[in-house]
1. Every residue in region C:225-245 that is under 19 Å from C:Tyr118 (Cβ atoms) and either facing chain A (nearest Cβ under 9 Å) or under 20 Å from the mean Cα position of the chain (by Cα) (or both), please.
2. Condition test on B:Ala173, is it in the same structural domain as B:Thr69 (by TED's automatic domain parsing), more than 24 Å from B:Val59 (Cβ to Cβ) and under 16 Å from the mean Cα position of the chain (by Cα)?
3. Could you please find all residues in region A:124-151 being touching a Gly at 6+ places or on another chain (Cβ under 8 Å) and more than 19 Å from A:Ala188 (Cβ to Cβ)?
4. Taking the criterion of being away from chain C (no Cβ under 14 Å) and among the small types (Gly, Ala, Ser), would at least one residue in region A:140-155 satisfy it?
5. What are the residues in region A:93-148 that are over 17 Å from A:Gly52 (Cβ atoms) and acidic (Asp, Glu), if any?
6. Give the residues of region C:261-278 that are within 8 Å of chain A (Cβ to nearest Cβ), assigned to a helix (DSSP H, G or I) and under 21 Å from the mean Cα position of the chain (by Cα), sorted by residue number.
7. Do we have C:Thr53 as modelled with pLDDT under 95, among the β-branched types (Val, Ile, Thr) and farther than 19 Å from C:Tyr148 by Cβ here?
8. Quick one: is C:Ile51 buried (at least 21 other Cβ atoms within 10 Å of the Cβ), at negative phi, in a helix (DSSP H, G or I) and within 14 Å of chain B (Cβ to nearest Cβ)?
Amino acid sequence: MRKLLVSGVIALAALGAGAVAIAAESVVHPPHRHWHFQGPFGTYDRAAAQRGFQVYKEVCAACHSLSLLSYRNLMEIGLSEDQVKAIAAEVQVPDLSEDGSPIERPGRLSDRFKKPFPNELAAAAANGGKAPPDLSLMVKAREGGPDYLFGILTGYVPFEKLTPEQIKEFSVTKDDNFNLYFPGHKIAMPAPLSDGKVTYIEGGPKATLDQMASDVTEFLAWASEPHLEARNRTGIRVVLFLLAFAGLMYAVKRQVWADKH
Amino acid sequence: MASSTIPSGAHGDPTRRDFLMVATGAMAAVGAIATAWPFINNLNPAADTLALSSIEVNVKPIAVGQAITVKWRGRPVFIRHRTPEDIKEAESVKLSELPDPETDTARVTDSAKKVRPEWLIVVGVCTHLGCVPLGTKQGDPRGEYNGWFCPCHGSQYDTSGRIRKGPAPANLAVPSYLFTSDTLVKIG
Amino acid sequence: MASSHGAPPVFNNKVIAWIDHRLPIFSYVEKEYHTFPTPRNFNYFWNFGAIATVMLVLMIATGVVLATNYTPHVTMAFDSVERIMRDVPSGWLIRYMHMTGASFFFAAVYVHIFRGLYYGSYKAPRELLWILGVVILLLMMATAFMGYVLPWGQMSFWGATVITNLFSAIPVVGDSIVTWLWGGFAVDNPTLNRFFALHYLLPFIIVAVVALHVVALHIHGSNNPLGIDPKGPQDTVPFHPYYTMKDGFGVICFLIVYAIFVFFYPNALGEPVNYVPANPLVTPNEIVPEWYLLPFYAILRAVPDKLGGVLCMFGAIAVLFVVPWLDTSRVRSCTFRPIYKWFVFLLVADVIMLGICGAHPPEGWYVPLSRIGTIYYFFHFIILLPVLGKIERPLPLPPSIADAVLKKKVA
């Protein structure tokens, strides 16, 4: 009987695999990269995330909000309280004065990241009709996650380098931004990064396109899933505990059943 | 696995059997407690709540003899700019007369150990059953001791916010505060 | 209740005896979960009832705690869920347990249903037991669907829109029903509010039906892999400690797999686009339900007619209600049904194939595949099950459970 069950499972697996094979589609997937935060032992590379924050602040933040994050959160990627206070104080946050009139005051730790536009409509109006998406969950909100993000940031092909077939197939004009990994290839955002766009502090890596793209992806991955390290840590403990527990339970079960087999 | 030590087809000897049961029971108890923890921890204040746990108040506009109420951690905090008479009155009371003995100086010292007798900062919650005592606004009754008077059950506080009369068991609480300049105080 | 051996239990503890004399809860537990005679030959498939119960409890516990921090309002729902994920202590853990828990609850229940189908657990005298089970499945689907709407992401919103629109297929009153479901002219705040209220209510109704399911189970006792009734004490063992310990072991093994998903792959079973806040003006490229509803979604799309699709989808579950009467075979267990056994495997393969079809846009190969899958699904239940039962010659049944168990041991 057990043999038959096993053969049944094998037959199912074969059928499933066949169906999945049919499912393979012709979408351009960005190449897979190794990320510091992947796998059960993954952690965030603090230095990379801090550089990534610099890239976000100096480049992305001009158009993209990060509305789910507060300045205080930056302490989680290794910045000191004084550093974060200084970062928060750089921005002017709308508030009310004691007599109720609208004022702007320097940001505090508890403030959310300041948005580049006052609201979605203003963001859309300033960007050709479509608001740049919020980046708080970007790494979790796209198929492919960090690989996709890195692919988009590094996947721009200048018009001159496109093949005539590509230009024809996707009807690209000189004014379009062609991106290898964007669905449909024509993306509204012009290439945001290029070598040396940001000046990293001395002693760090050179601010190449790949380096910046990878750093800002690390930062945004943290922004999407700030508790990943605690989750992995807890997970390893829980799974080890359950394995030991299962072993004991199995021993108990065998003991109980010993006289019935 | 642990099971390899158990002879199959037999009960095993009693001590080993008991040990196995006790170990498994202990494991289950540990698992249950560990599982309960996130559910209990979940009810603690969240990070965004904690981030708002301190406020900064500019005390410059408060004239001598006046007091204001500010909201801190969802509760009222009284900041009183005391007159020299208030201070004298508070300092002259004998500790033995107080239901909850505490010197006035101890109640006007900030977290950097700096004493500012002209500023009294207390949590405006009566220590009896949690009402907000009167006495902060101009024209409020201040009770027999010229401090605060709780309308709920008649507790009376003095110019140092100490309980003098009535059912409240303790003085009005002094929150942790720090004068970051002569006019700016950080509460919490 | 089931025939129990000997006299009612005597409690030495005076407090327990006092309570039990007035409210016999201890006698009940003793009788139904301790001495309860249970066939001695269960395999590990019989663990999944206990596993599903554990998942139900886990879902309610995590759900109640999540509800303490969730805000059912269109402008705040998404952010309140993210606040749980970011700021609330242990919030990420509770939420991932709940999110992944839904999948694992369904997985356990699907294995449980397969067990019932393969070993003929629905056959007399257990028809009502089976029907209560199908009711639980329906309630679970409704609960899961409404729960999925609560985070108010893109897939929440569009899933709700598509599924509620199913009811517009009903002739004459369809549109009015949809407006009534929405409480407005589109999925909006009133919809979110009522879905939240119902999502909180339904699990407790599930608990009530589960209680009835268990009561019905204990009337005639469990079926077993041989599908023959126990003939005496030699065929059974007391439920405790034999099956409490075996269930305990099975539950822990299941929880290991569950924990691996909760802690290491919490989003593997979800759709990335649900991390984009709901936008009523932009439809995502593909609208797909969670994996556990995919086969039914494929059946819906396989039929090129709106009303027909909706009827087939609901029919796919409705047909389960009459399975006890569609099956004409004399024996319960597929162990002794050499032909039908393979058709049960084929049905499982068919449902998996439908699931894969449901996960992809209805283009190319997926269209004919989902149609073939739908046809086989209904063919299996409506034609094969009654006909094969009449013509199949079952293998000889063993004289008793004890006989079969001992023979196997010798072999």
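The values are calculated or read from the model by the stated rules, or taken from the named source; none is laboratory data. Computed from a prediction, not measured in an experiment: that's the story for all the values here. A quick note on method: Cβ atoms are made from the backbone with ideal geometry, for glycine too, and the neighbour counts reach across all protein chains shown.
1. Here is the first cut: in region C:225-245, the ones under 19 Å from C:Tyr118 (Cβ atoms) are C:225-229.
If the condition is that a residue be under 19 Å from C:Tyr118 (Cβ atoms) and either facing chain A (nearest Cβ under 9 Å) or under 20 Å from the mean Cα position of the chain (by Cα) (or both), then C:Pro225 is the only one that fits.
2. On the way: in the same structural domain as B:Thr69 (by TED's automatic domain parsing): yes; more than 24 Å from B:Val59 (Cβ to Cβ): no; under 16 Å from the mean Cα position of the chain (by Cα): yes.
So B:Ala173 fails the test.
3. Narrowing region A:124-151 to residues touching a Gly at 6+ places or on another chain (Cβ under 8 Å): A:139, A:144, A:151.
Across region A:124-151, the qualifying residues are A:Val139, A:Gly144.
4. yes
5. Residues satisfying the conditions are A:Asp95, A:Glu98, A:Asp99, A:Glu104, A:Asp111, A:Glu120, A:Glu143.
6. Listed by number, the list holds a single entry, C:Val262.
7. On the way: modelled with pLDDT under 95: no; among the β-branched types (Val, Ile, Thr): yes; farther than 19 Å from C:Tyr148 by Cβ: yes.
No.
8. Numbers: buried (at least 21 other Cβ atoms within 10 Å of the Cβ): yes; at negative phi: yes; in a helix (DSSP H, G or I): yes; within 14 Å of chain B (Cβ to nearest Cβ): no.
No: the conditions fail for C:Ile51.
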